[in-house]
Amino acid sequence: MEMTAVDREGRLTVTLSGEIDHHSAKDIREAIDRLLVEAHPKALVLDLSGIDFMDSSGLGLVLGRYRRAKETGTEMYLANTSDRVGKILKMAGVDKLIRTLRKDAENKSKGENRQ
Amino acid sequence: MNKRTRLNYFRCEFEARSVNEGFSRMLVSAFASQLDPTIEEICDIKTAVSEAVTNCIVHAYGDDRTEKRTISISGSYYSDGLFVIRIKDKGCGIDNIEQAMQPMYSGSSSEERSGMGFSIMESFTDSLKVRSSPGRGTVVTMKKYIGNADGKDE
């Protein structure tokens, strides 16, 4: 499991890759919560483009971060969820709770031009 | 109607440590790959196995380090494409299986659990059975037809 974080103008984008299960979720959870406290961003974007596998521990991780972000007034979004990850998020109704950004919408909102 | 015959079987026992969640997924998916499943079918199996094994680690043995914490997995497949996986622990058991299987129910308050484990197992397989004796352990049996969309005997 790998994690990268970019904090740009109050928008913290955390990109996860690899597998999210109960074993890996603990470290990710602690790392994101630390970043939320340190950066106190306006928005948290969890980019799941590199996730090869996710089970219900991933759901717990996403829902837990949503609750944590809400407590501190941070808006949370998901980005680049694969069909597989989307299927699991949908089962728990997460898709109705947390907005998922599409790649083009995300870039537009960042004001970036990618070639 | 053709008689169903068992074509292959494996059994493996390992310690209930979270690092073995990935191991158990790889083990079962490697065995299931002999049936030439689709990527979707393999993903379903890996996810269902991960849920069952995580339950053993989080709920069956909890924080008690004194007992023998083992999980045993067996798998078999049959001539009609039926794939059967059984995940067994010797932990605390489940008092109320019906309640434990309710979506969003979690018996753990110490960790961030979504309570969706059994719902995922149920939806990603064709059949899920849970047998449990409080104080003695739990056996989860999941069945899935590979390469046979109807999921029926011929």
So which aspartates and glutamates pass the test for B:Lys68, namely a Cα distance under 13 Å, with those fewer than 8 places away in the same chain ruled out?
B:Glu13, B:Glu15, B:Asp89
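At most 15 other Cβ atoms within 10 Å and a DSSP loop assignment: could you name the GluC sites (Glu not before Pro) in segment A:1-91 that fit? Walk me through the intermediate numbers first.
Numbers: sites: A:Glu2, A:Glu9, A:Glu19, A:Glu30, A:Glu38, A:Glu71, A:Glu75; in loops: A:Glu9.
Those that pass, being in a loop and sparsely packed, are A:Glu9.
What are the GluC sites (Glu not before Pro) within segment B:38-79 that DSSP puts in a loop, where the Cβ has at most 13 other Cβ atoms within 10 Å?
For GluC sites (Glu not before Pro) across segment B:38-79 that sit outside H, G, I, E and B with at most 13 neighbouring Cβ atoms in 10 Å, the list reads B:Glu67.
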Highest GNM mean-square fluctuation among A:Arg11, A:Arg102, A:Arg29, for chain A with Cα springs under 10 Å, belongs to A:Arg102
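With an 8 Å cut-off on Cα pairs and a minimum separation of 6 or more residues, tell me the relative contact order of segment B:1-117 in percent. Please list the in-between numbers first.
Working: 141 pairs, mean separation 35.7, N = 117.
Across segment B:1-117, relative contact order equals 30 percent.
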In Å, descending, principal axis extents of the Cα set of the protein assembly as shown:
64, 46, 28
Return the average number of partner chain Cβ atoms within 10 angstrom of each residue Cβ along peptide B:20-28.
2
Among the listed pairs A:Lys70/B:Lys144; A:Lys96/B:Lys143; B:Lys3/B:Lys144; A:Lys42/B:Lys46, those beyond 28 Å (Cα-Cα)
A:Lys70/B:Lys144; A:Lys96/B:Lys143; A:Lys42/B:Lys46
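Starting from 0.36 nm per residue, how many nanometres of slack lie between A:Val37 and A:Lys96 once their C-alpha separation is accounted for?
Values: separation 59, 0.36 × 59 = 21.24 nm, distance 2.60 nm.
The span from A:Val37 to A:Lys96 would gain 18.6 nm if fully extended.
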Rounded FRET efficiency, nearest 0.05, which uses the C-beta distance separating A:Glu30 from B:Lys129 and R0 of 45 Å:
0.80
Cα principal axis extents for chain B, largest first, Å
47, 28, 27
Give the residues of segment B:52-91 whose amide nitrogen is closer than 13 Å to a point set 7 Å from the Cα of B:Glu15 in the direction of its Cβ.
B:65-71
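Looking at chain B, which longest stretch skips every one of the trypsin sites (Lys or Arg not before Pro) that is in a DSSP loop with at most 12 other Cβ atoms within 10 Å, leaving the sites themselves out? Numbers along the way, then the final one.
Values: sites that count: B:Lys3, B:Arg65, B:Lys68, B:Arg136, B:Lys152.
No qualifying site falls inside B:69-135, the longest such stretch.
Taking the Cβ-Cβ separation of B:Asn96 and A:Met3 as r and a Förster radius of 22 Å, what is the calculated FRET efficiency to the nearest 0.05?
The calculated FRET efficiency here is 0.05.
Read-outs throughout are calculated quantities, based only on the coordinates presented, and are distinct from any laboratory measurement. Everything numeric in this text was worked out from a predicted model, so none of it was measured. Please note: Cβ atoms are built from the backbone with ideal geometry, for glycine as well, and neighbour counts cover all protein chains shown.
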